[in-house]
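J.: Questions regarding the structure given below will be posed in turn.
The values are calculated or read from the model by the stated rules, or taken from the named source; none is laboratory data. Please read these numbers as outputs of a predicted model, since none were measured by experiment. Here the Cβ positions follow ideal geometry from the backbone for every residue, glycine too, while neighbour counts run over all protein chains shown. Surface areas here come from the heavy atoms of the whole protein model, side chains and all, with no ligands, DNA or RNA. Shrake-Rupley method; radii C 1.70, N 1.55, O 1.52, S 1.80 Å.
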Amino acid sequence: MRVIATSREPLSVSGEQVIPVPPLELPAAHAAAPPPLAQLRQNEAVMLFLERAAAASGNFELTASNQAAVVDLCGRLDGLPLAIELAAVRTRVLTAEQILDRLTDRFGLLTGGSRAALPRHQTLRTTIDWSHDLLEAGERALLRRLCVFAGRFTLEDVEAVCISGEVPAPRALDLLSSLVDKSLVTKEDAKGRACYRLHETMREYTSLKVREAGEQEVVERRCADYYYVAICRQFAEQNRYRLLGWLEWMELEVDNIRSVLQRCLMHADFLRGIDLACSLGWYWATRATTEGVRWLDELLASAPSGGGNAAVNGWAYFIRGFLAVLQSDPAAARPALERAILAARAAGNLPLLSHALSMTSVAANMAGDRAAARRLLDEDLAVTSGLDDVAATVSLLQARALNGMFEGDVEAVSAAATEGARLSREAGDLYSLEMMLLNLGVATLMAGDLDRSQPLFAEALRIGQQIDDRVAQYCLLDALGCCAVGAGQARLAAQLLGAAETVRTEAGATLIATLAPLVARAEESAIMALGTARFEAEFKAGKGLRRDTAIRLALGQPDHAAAAASDDGSVAPLGKREADVARLVADGLSNKQIGARLFISERTVDSHVRSILNKLGFNSRAQIAGWMASSKQ
């Protein structure tokens with residue numbers, strides 16, 4: 001192994017090759033007034049740490065055992081020169097690993113340094129204060145208010161939440177640009193759109209500053225009002241007709257919205273939290289069923305019984321039941337949907353009643369209660385026929401199509417799905433259109449018409465790819481696996497069926513009853529064609545594919561370059577930071593301990609854990625630990 005050292009003479013590292021590297025030459029001005037918020041690249045940061053650690057302790061050595069800790073430490077200090085220098089001083093009494101373990105309060109730990117140093121150089125807090133105090137009043141005010149954003153944010157977000165007093169609207173762009181120029185705020189690009197972020201160190205610092213200024217409550221309230229009123233609630237009813245743009249916006253803002261939901265729980269603002277969670281229904285349905293279930297369960301369980309708005313709670317129970325249906329969990333779906341029906345009747349809300357009746361019919365069919373399913377469909381037809389509501393009509397048609405599948409009535413499925421697809425295309429409802437195409441494809445597959453079913457599934461999968469609907473994706477990968485078997489492509493079929501199982505697990509669902517017999521027959525046929533050993537090998541290969549790779553494979557656009565594990569060390573389907581968090585969850589660390597280890601806030605850790613649970617379809621940290629253990633095998 002090759003180890004880097006910064007002294008001019010090689011360090012003595014037993015059994016390892018040490019490469020001497022000239023010490024980092026700092027400009028003369030550094031000693032007097034270092035720019036503490038300028039970032040260093042990783043190699044520069046490590047070199048600085050090693051030089052300062054050697055000077056402070058006299059015998060610090062970089063070895064194979066501490067190299068990872070040193071690199072990790074420099075990264076978690078955001079590459080800030082002063083923070084790295086102060087951490088290096090701690091090597092007098094602590095190992096690099098111990099410093100990592102103690103980073104629960106970076107402003108408390110990184111106190112010290114040479115007694116001869118200027119006071120402003122002795123702590124990270126006072127040094128950042130030095131840079132902060134050089135800002136003009138408007139820059140300081142905007143910077144501290146930006147801490148309210150837990151993730152990325154846009155100029156529009158800033159103008160909606162942070163404007164007042166020292167930050168007038170006409171100056172917002174100039175002030176934000178100045179903070180970016182000073183490296184206090186980081187600029188990123190998200191699909192051609194400029195967005196911004198605070199480093200974790202700066203966010204922690206500005207959180208202190210906003211409390212000192214007495215602005216925390218008002219800024220948090222503005223943030224909640226903005227996402228609740230101006231964005232989510234205002235457009236909730238129209239989101240299904242503009243899913244592509246809205247879901248793209250949600251991906252950018254979801255960490256901020258999670259933070260608002262958490263504040264609603266903390267401050268017992270349950271009605272607002274429930275309403276906000278309901279307005280995100282299409283995000284939960286397409287991207288995050290498990291997370292949506294968790295938020296709704298927490299909010300509904302915390303709200304006082306009988307309190308709040310009946311209509312809001314009615315929609316909350318409907319969405320909770322809808323998500324359970326998507327997860328193929330009728331036992332959880334039926335009680336929630338029955339409460340939605342009761343709330344709709346009490347409020348005289350006929351659209352809600354129509355949607356709740358149709359979804360409860362689907363849940364009843366999933367549970368094998370055919371009589372209840374038919375009764376609910378009849379009542380739904382009576383309610384919906386009196387409404388001029390395309391969404392309610394499409395919901396009824398979806399329930400009728402699924403009812404036909406459960407009863408084996410191919411003609412009923414085809415009739416309902418054909419009409420549903422027509423209405424969905426006219427309305428621009430992509431979500432309903434993909435579902436109706438899936439229904440039509442299943443009906444033609446049940447009838448043995450392979451030539452017609454494959455193009456229907458392919459069109460639905462392209463839509464599912466556009467809106468990143470994970471539930472639809474697993475269903476369609478399974479369905480196209482069935483088509484591949486029928487077309488004599490057993491190897492492809494095995495891979496698609498394996499990929500479908502992985503995506504289904506990510507979506508937190510089990511195989512739906514209408515697809516189960518088709519998938520079982522496809523597996524049997526593929527095993528007969530390939531033999532058990534080869535089928536299992538191809539199935540395992542499919543399970544290891546990334547979702548986007550599996551989708552391209554299903555659509556005839558294979559990507560052999562992709563692999564189950566990413567180049568940056570993440571574990572599919574998790575991103576690198578999520579994989580880091582998952583590994584520490586598996587080690588038994590709490591969110592607070594993980595935040596200290598990764599040097600991120602506890603709220604950010606909570607957001608990552610929620611995302612991991614959603615992607616893997618899990619409900620507990622123990623399941624994450626088990627999954628991480630199995631992924632190492």
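J.: Among rounded, prolate and oblate, which fits the range 184-229 when a ≥ b ≥ c are the square roots of the eigenvalues of its C-alpha gyration tensor, a/c under 1.5 means rounded, and a/b larger than b/c means prolate?
T.: Judged from the Cα gyration tensor, the range 184-229 comes out oblate (a/c at least 1.5, b/c at or above a/b).
J.: Further, regarding this structure: Would you mind giving the three semi-axes, in whole Å and largest first, of the ellipsoid equivalent to the range 428-507 according to its Cα gyration tensor?
T.: So the three semi-axes of the range 428-507 are 19, 16, 9 Å.
J.: Continuing with the same structure: Tell me the accessible surface of Met628 in square angstrom (1.4 angstrom probe, heavy atoms of protein chains only), to the nearest ten.
T.: That residue has around 10 Å² of solvent-accessible surface.
J.: Where in the range 230-261 are there chymotrypsin sites (Phe, Trp or Tyr not before Pro) that are in a DSSP coil and have at most 14 other Cβ atoms within 10 angstrom of their Cβ?
T.: Answer in residue order: no site qualifies.
J.: Note down the relative contact order for the range 274-390 as a percent, whole number, built from C-alpha pairs under 8 angstrom at least six residues apart.
T.: With pairs under 8 Å counted, the relative contact order is 20 percent.
J.: Please report how far the C-alpha centroid of the range 418-454 lies from that of the range 498-514, rounded to the nearest whole angstrom.
T.: 20
J.: Would you mind telling me the share, in percent, of accessible area of the range 352-479 contributed by carbon and sulfur at probe 1.4 angstrom?
T.: 50
J.: Something else about it: Can I get the semi-axes of the range 346-390's equivalent ellipsoid? Compute them from the C-alpha gyration tensor as square roots of 5 times the eigenvalues, in angstrom, largest first.
T.: Numbers: eigenvalues 81, 21, 14 Å².
Ellipsoid semi-axes (Å, largest first): 20, 10, 8.
J.: Right, here's the next one. Over the Cα atoms of the range 488-552, how large are the radius of gyration and the largest Cα-Cα distance (Dmax), in Å?
T.: 11.4, 31
J.: Another question about this same structure. Relative contact order for the range 355-451: what percent, with Cα pairs under 8 Å and sequence separation of 6 or more?
T.: Answer for the range 355-451 is 22 percent.
J.: What does the extension gain come out to for Arg221 and Arg462, with contour length at 0.36 nm per residue minus their alpha carbon separation?
T.: 82.8 nm
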